[in-house]
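Visitor: Mind having a look at this structure? Questions to follow.
The values are calculated or read from the model by the stated rules, or taken from the named source; none is laboratory data. Bear in mind that the values here come from a model prediction, so they are computed numbers and not experimental data. Every residue, glycine as well, gets a Cβ built from its backbone with ideal geometry; the counts of neighbours run over all protein chains shown. For accessibility, only protein heavy atoms count, side chains too; no ligands or nucleic acids. Shrake-Rupley method; radii C 1.70, N 1.55, O 1.52, S 1.80 Å.
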Amino acid sequence: MKKILLVVFMCLCIAAPVFALDGNEMLINVDRNLNPESFEMYRKLINIEPDGSKKEFVMYSVKKGKDKIASVFLSPASEKGRSTLRIGDNMWLYIPNVGKPIRITSLQSVTGGVFNNSDIMRVDYSAEYDCEKVEPAEDGHILYLKAKTNTVAYDKVKMWVYGTRLLPDKIECFASSGMLIKTLYFKNVKDFGGGLVRPAVIETDSPLYKGYKSIIIFAKVNAKNLPDEVFTLNYMSKVESLRQ
Amino acid sequence: MKFFHLCTGLLLFLMAAALPCHADAEDQASDMLDLDFEIPEVEKKPYTFRAELEIAETVKSLDESSLLFYQKYPDGRDDTTLWETDLNLTLEGSYRIESVNFYARLKGGLYHTEEEDWQTDDLTEEAYVSLQPNPSIALDAGKKVLKWGKGYAWNPVAFFSRPKDLDDPEASMEGYFLASGDLIKSMDGPLKTIAVTPVILPVSSDINDDWSAERELVYGAKIYFFTWDTDLDVMFLIGEETRDRIGFDFSKNISSNFEIHGEAAIVFDYEKQVVDRQGELSADRYNALNFLAGIRYLTEGDTTIIFEYYRNGQGYTRGEINDYFDLIKTGYLDYLDSGNMAGLGLSREQGALYYNQQTMMMDYLYLKVTHKEPFDILYFTPGITSVYNMNDHSLSITPQVTYTPITNIEFDIKATFVSGRGHTEYGEKINGSKIVASTAFYF
């Protein structure tokens, strides 16, 4: 009996770091495991059509805090210089030809394909969602998330997280009607340096875009101190100057 | 020569039709997916360069019964179809030395019409130097486009810009010679950002000479506030010859697919030049209020709707436009009777200066509906745009198709049709319809 109690006690101790967290704390941990609070990154977005043909975009992005992210397209030439800014639920697009930032919404897509603006300009999940329920799953947990406001792209999100590192494995995104809009798959866990070990690939498909796929490849993620003024409309045309 | 234009149009069509096939053939042979983590763009260079080459063929069908046709072609024309070929090259580049950045955008054009044969055109749209010691402060000097306002089709608060082209509101524009700055402060709390943009614009016979005939210094500023998830701007312009003006604008996302915006401006002591049916010119002075209200809405089916109402307080009333059209009609009849061009010449002069402009009247509605990738055709966007003149109930309708099947190549075809009774803005347009097919290459 003593042995059984000891085993149960040890199991509880091992599991304590995870079970001691409530859903929202786990969500904050997921956010920090995906990226530092203030950082820069290079990403490649690939839209793949059913026939296998591809379209690629390269973006440089900087993010600060829970809900500020600015990006600029480095290629292709047709998109070069376009920049996006997100502060909380507010999103803007700056097109050099147009010469001024215009407001865009989270469900639109500046690149086409399955990813929408909310996916491309992703802020911390804990900034947009409350965790309503946690369920155990094989090698991890399922977090049931509910959008904090109606300006968030997906009303409900189901997130599979695994391991002691609490990294996401799969995310299902639902509309308020309950319809599945898309599924994100996190793959290729990679050491980016500075203690950041996270999936380097996010793949998505959608029942609304049968046969189409979109992929984000993270090539470089570095912690970086950034002033708040970088995340303003006046700075949108100058985001590229932050690159070292 | 018409054969040449037909060939150009046919070539553009064949390119649009053939390239997707080529893409399929090429891509089917490639591997399904190569997760290449090497991104050459990561390496930063001190310079940037971008170029755009556009080939366009335009076919205009002249409306022989419109007053503006009589005004331009009082002797009529044998052929009422006009063809135009345009070849435009835009070069854009920048060079950065620490906190100093040099930027220029140059446009060169080669175009052909049956009336003018081959002509060239070149323009420096922008060329300026920027100094940015830190992200809170920036100073720009040179020829620069300053676009203020939140409207898509019109911007009554864009005090330092040229008017937008209603046929293509997103087209690049030519700037003015000016000096401007940015002072940005971000904060915690309800007011998250405040940014001040002061502007000084000199006017002389050498630079910015379309502002006024006299030498003057025009200055102004815009103050931007980001608060309660809303963009707010207040702005002013003060000049010696140029009329003073104040304005504000706002925009806000109401939900994940719905945005609202608005602008308002007052031009103080605005002087409207009005011509009566005898050709007498008079000036009407008043404080002109211009404003705009609009929405951008994305439906669940990926249809984007942009809808705007514009009040042009500087525009002409129905009666004033009637007088102008009467002047053309009288001048044309005089010419037919006696060969006297005086009346028509006067109407041409007033038309070029004041009347024959886009948005010449007071109340307009703008609607643009685009549907992203219907029938699962990726990168294919059909749309339709309409401008409705509420004062005379005339309108233009422009269906358009944009297709970008291959990276850095864009095909676009649009047709514009106008409708309206006699003595209405669109009813008297010289072009009854216009079709433009273009291909743009980016590199």
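Visitor: Condition first: open to solvent by 40 Å² or more (accessible area, probe 1.4 Å) and in a loop (DSSP other than H, G, I, E, B). Now tell me which residues in segment B:101-156 satisfy that.
Guide: Selection gives B:Glu114, B:Glu115, B:Glu116.
Visitor: Could you check segment B:129-150 and list, in sequence order, the residues that are in contact with an Asp or Glu (Cβ under 6 Å, 6 or more places away or on another chain) and more than 10 Å from chain A (Cβ to nearest Cβ)?
Guide: Scanning segment B:129-150 gives a single hit, B:Lys143.
Visitor: Right, next: Looking at A:Lys44, is it at pLDDT 90 or above, closer than 27 Å to A:Ser206 by Cα and within 7 Å of chain B (Cβ to nearest Cβ)? Lay out the reasoning, then the answer.
Guide: Numbers: at pLDDT 90 or above: yes; closer than 27 Å to A:Ser206 by Cα: yes; within 7 Å of chain B (Cβ to nearest Cβ): yes.
Answer is yes for this residue.
Visitor: Quick check: anything in segment B:355-373 out of contact with any Phe, Trp or Tyr (no Cβ under 9 Å at 6 or more places or on another chain), within 30 Å of B:Ala437 (Cα to Cα) and within 14 Å of another protein chain (Cβ to nearest Cβ)?
Guide: Yes, the conditions are met somewhere in segment B:355-373.
Visitor: Which pairs do you get when a residue that is open to solvent by 70 Å² or more (accessible area, probe 1.4 Å), found in segment B:28-54, comes within reach of a residue that is at pLDDT 85 or above and of a type in the set (D, E, K, R), reach meaning Cβ atoms under 8 angstrom, with the pair 6+ apart or on two chains?
Guide: Final answer for the pair search is B:Tyr47/B:Arg96; B:Phe49/B:Glu92.
Visitor: So which residues in segment B:180-203 are open to solvent by 20 Å² or more (accessible area, probe 1.4 Å) and over 29 Å from B:Phe250 (Cβ atoms), if there are any at all?
Guide: Listed by number, the list holds a single entry, B:Pro202.
Visitor: Go through segment A:207-217 residue by residue and tally those that are within 12 Å of chain B (Cβ to nearest Cβ) and either open to solvent by less than 10 Å² (accessible area, probe 1.4 Å) or part of a loop (DSSP other than H, G, I, E, B) (or both). Step through it out loud before you land on a result.
Guide: First pass over segment A:207-217, keeping only residues within 12 Å of chain B (Cβ to nearest Cβ): A:208-217.
Checking which are either open to solvent by less than 10 Å² (accessible area, probe 1.4 Å) or part of a loop (DSSP other than H, G, I, E, B) (or both) leaves us with A:208, A:214-217.
Qualifying residue count, segment A:207-217: 5.
Visitor: May I pose another question? Closer than 30 Å to B:Ile435 by Cα, part of a loop (DSSP other than H, G, I, E, B) and away from chain A (no Cβ under 11 Å): does that describe B:Pro163?
Guide: Details: closer than 30 Å to B:Ile435 by Cα: yes; part of a loop (DSSP other than H, G, I, E, B): yes; away from chain A (no Cβ under 11 Å): yes.
Spelling it out, B:Pro163 is indeed closer than 30 Å to B:Ile435 by Cα, part of a loop (DSSP other than H, G, I, E, B) and away from chain A (no Cβ under 11 Å).
Visitor: Another question, then. Going by what's in this entry, would B:Gly294 be described as within 12 Å of chain A (Cβ to nearest Cβ), buried (at least 16 other Cβ atoms within 10 Å of the Cβ) and either among the hydrophobic types (A, V, I, L, M, F, W, C) or closer than 30 Å to B:Gly319 by Cα (or both)? Quick ask: steps written out before the conclusion?
Guide: Numbers: within 12 Å of chain A (Cβ to nearest Cβ): yes; buried (at least 16 other Cβ atoms within 10 Å of the Cβ): yes; either among the hydrophobic types (A, V, I, L, M, F, W, C) or closer than 30 Å to B:Gly319 by Cα (or both): yes.
Spelling it out, B:Gly294 is indeed within 12 Å of chain A (Cβ to nearest Cβ), buried (at least 16 other Cβ atoms within 10 Å of the Cβ) and either among the hydrophobic types (A, V, I, L, M, F, W, C) or closer than 30 Å to B:Gly319 by Cα (or both).
Visitor: Among the residues of segment B:212-242 satisfying the criterion of being under 30 Å from B:Phe307 (Cβ atoms) and assigned to a loop (DSSP other than H, G, I, E, B), which is nearest to the other protein chains (Cβ to nearest Cβ)? First the steps, then the outcome.
Guide: Initial filter on segment B:212-242 (under 30 Å from B:Phe307 (Cβ atoms)): B:220, B:222-237.
With assigned to a loop (DSSP other than H, G, I, E, B) added as a condition, the list becomes B:228-229.
Details: B:Trp228: 10, B:Asp229: 6 Å.
It comes out as B:Asp229.
Visitor: Let me ask something additional. Hey, could you check segment A:87-109 for residues that are part of a strand (DSSP E or B), open to solvent by less than 20 Å² (accessible area, probe 1.4 Å) and among the aliphatic types (A, V, I, L, M) and say which is farthest from the other protein chains (Cβ to nearest Cβ)? Before you say what the answer is, go through the steps one by one.
Guide: Step one: of segment A:87-109, the residues part of a strand (DSSP E or B) are A:87, A:90-94, A:101-104.
Filter once more, so that each one left must be open to solvent by less than 20 Å² (accessible area, probe 1.4 Å): A:87, A:90-93, A:103-104.
Still in the list and also among the aliphatic types (A, V, I, L, M): A:87, A:91, A:93, A:104.
On the way: A:Ile87: 7, A:Met91: 7, A:Leu93: 11, A:Ile104: 8 Å.
Of everything passing the filter in segment A:87-109, A:Leu93 is farthest from the other protein chains (Cβ to nearest Cβ).
Visitor: Okay, moving on. Conditions first: (1) open to solvent by 40 Å² or more (accessible area, probe 1.4 Å); (2) at the interface with chain A (Cβ under 9 Å from one of its Cβ atoms). B:Met173 passes all but one, so which condition is the exception?
Guide: (1)
Visitor: Go through segment B:68-100 and report how many residues are surrounded by fewer than 17 Cβ atoms within 10 Å (Cβ to Cβ), within 14 Å of chain A (Cβ to nearest Cβ) and among the charged types (D, E, K, R).
Guide: Total meeting the criteria: 1.
Visitor: Among the listed residues A:Ser61, A:Ser78, identify the single one that is at the interface with another protein chain (Cβ under 9 Å from one of its Cβ atoms) and on the phi < 0 side of the Ramachandran plot. Write out each step before concluding.
Guide: Working: A:Ser61 fails: at the interface with another protein chain (Cβ under 9 Å from one of its Cβ atoms).
Only one candidate passes the filter, namely A:Ser78.
Visitor: Inside segment B:345-443, counting only strands (runs of 3 or more DSSP E) that do not spill past its ends, which hold 3 or more residues that are in contact (Cβ under 8 Å) with a residue 24 or more places away in the chain and open to solvent by 30 Å² or more (accessible area, probe 1.4 Å)?
Guide: Details: elements: B:363-371, B:380-389, B:394-406, B:409-419, B:431-442.
Hits in segment B:345-443: B:363-371, B:394-406, B:409-419, B:431-442.
Visitor: Is it the case that some residue within segment A:224-241 is modelled with pLDDT of 90 or more, more than 10 Å from chain B (Cβ to nearest Cβ) and open to solvent by 30 Å² or more (accessible area, probe 1.4 Å)?
Guide: The answer is yes, given that some residue of segment A:224-241 is modelled with pLDDT of 90 or more, more than 10 Å from chain B (Cβ to nearest Cβ) and open to solvent by 30 Å² or more (accessible area, probe 1.4 Å).
Visitor: Of all residues in segment B:153-172, how many are at pLDDT below 95 and in contact with a Pro (Cβ under 9 Å, 6 or more places away or on another chain)?
Guide: 1
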